[in-house]
1. Based on this model, can you work out whether LEU79 counts as of a type outside the set (Val, Ile, Thr), under 14 Å from the mean Cα position of the chain (by Cα) and more than 20 Å from LYS217 (Cβ to Cβ)?
2. If I ask for residues that are buried (at least 24 other Cβ atoms within 10 Å of the Cβ) and out of contact with any helix residue (DSSP H, G or I) (no Cβ under 9 Å at 6 or more places or on another chain), which ones from segment 186-198 would you list?
3. With the condition kept exactly as written, say whether any residue in segment 206-215 is surrounded by 24 or more Cβ atoms within 10 Å (Cβ to Cβ), in contact with a Phe, Trp or Tyr (Cβ under 9 Å, 6 or more places away or on another chain) and within 14 Å of VAL61 (Cβ to Cβ).
4. Would you be able to tell me the number of residues in segment 181-214 that are within 16 Å of GLY115 (Cβ to Cβ) and of a type outside the set (Lys, Arg)?
5. Assuming SER107 fulfils every condition listed in (1) closer than 26 Å to GLY194 by Cβ; (2) out of contact with any helix residue (DSSP H, G or I) (no Cβ under 6 Å at 6 or more places or on another chain) apart from one, which condition is it?
6. So if I check each of ASP183, ASP168, ASP178, which one is surrounded by 16 or more Cβ atoms within 10 Å (Cβ to Cβ), acidic (Asp, Glu) and over 23 Å from GLY72 (Cα atoms)?
7. If only one of GLY189, GLY175 is part of a loop (DSSP other than H, G, I, E, B) and of a type outside the set (D, E, K, R), which one is it?
8. For segment 147-165: of the residues being in contact with a Cys (Cβ under 9 Å, 6 or more places away or on another chain) and part of a strand (DSSP E or B), which is surrounded by the most Cβ atoms within 10 Å (Cβ to Cβ)?
Amino acid sequence: MTRLGAVAAVLVLCAACSSGVHGSRTAPIDQPESTSVTPSVDEPDTTSVSPSVPFGGAPAVANPLPRTVLDGDPCTEALTPDQVQAAIGIQVPGVREDLASTGPACSWSNDDTFGSVGVSYTLNTHTGLSSVYANTRPKSATWRPLPPVQGFPAVAHSGSAGQKPPSDFCQASVGLADTYSIDISLTLGSSKRGIADPCGEPLRQICDLVITTLRAKVRP
């Protein structure tokens, strides 16, 4: 299992630098059983909402994207080849994993700079950012709410509580609806390690690229 899979299972930057998908996530705690009904095409999935969603201090998503934007392969539909090159300095195919606890994920790596970037779709919890706030927040060394990404709530997190956070890695969780979210993570390349803040502007830029690509999938 790749680092992306190991992290998401418990779960930009210019061409001069490189970035990666990792993070931490655990299953939702003490959540009531939710019902699930297949949403209509290009309609937000609101039918599987638990009565308590959002919970854990997570912000509500005011204008959700339809569930259908997360259909398909994240390796080809989350970032374009040009966006991958902008993020890690090279165009490379993504490596996909299908994670039972969360959903499909993909990572792209630059073997020369050891930087990487990745995207994970969090579909299987049906609780979106609420699980991240309830479960990941208490366990993270770094927890930093970010400015909304094109109107969608986001938070950066990395490392384990009580330990020094990594200097080259961070992950953002972005809520697309109250019941589903995405994780966007990066590992800085060698030219930016010790210089750039992995939870700062580089991560925000990658988030913006992914949201732009996903929003383009919404049917007019």
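1. Taking the combined requirement at face value, the residue does not satisfy it.
2. Passing the criteria: only PRO198.
3. The answer is no, given that none of the residues of segment 206-215 is surrounded by 24 or more Cβ atoms within 10 Å (Cβ to Cβ), in contact with a Phe, Trp or Tyr (Cβ under 9 Å, 6 or more places away or on another chain) and within 14 Å of VAL61 (Cβ to Cβ).
4. Residues flagged as within 16 Å of GLY115 (Cβ to Cβ) and of a type outside the set (Lys, Arg) within segment 181-214 amount to 21.
5. Condition not satisfied by SER107: (2).
6. None of the others qualify; the one that does is ASP168.
7. Numbers: GLY175 fails: part of a loop (DSSP other than H, G, I, E, B).
It is GLY189.
8. Among them, the one singled out is HIS157.
Read-outs throughout are calculated quantities, based only on the coordinates presented, and are distinct from any laboratory measurement. Everything numeric here is computed off the predicted structure, so don't read it as measured data. Please note: Cβ atoms are built from the backbone with ideal geometry, for glycine as well, and neighbour counts cover all protein chains shown.
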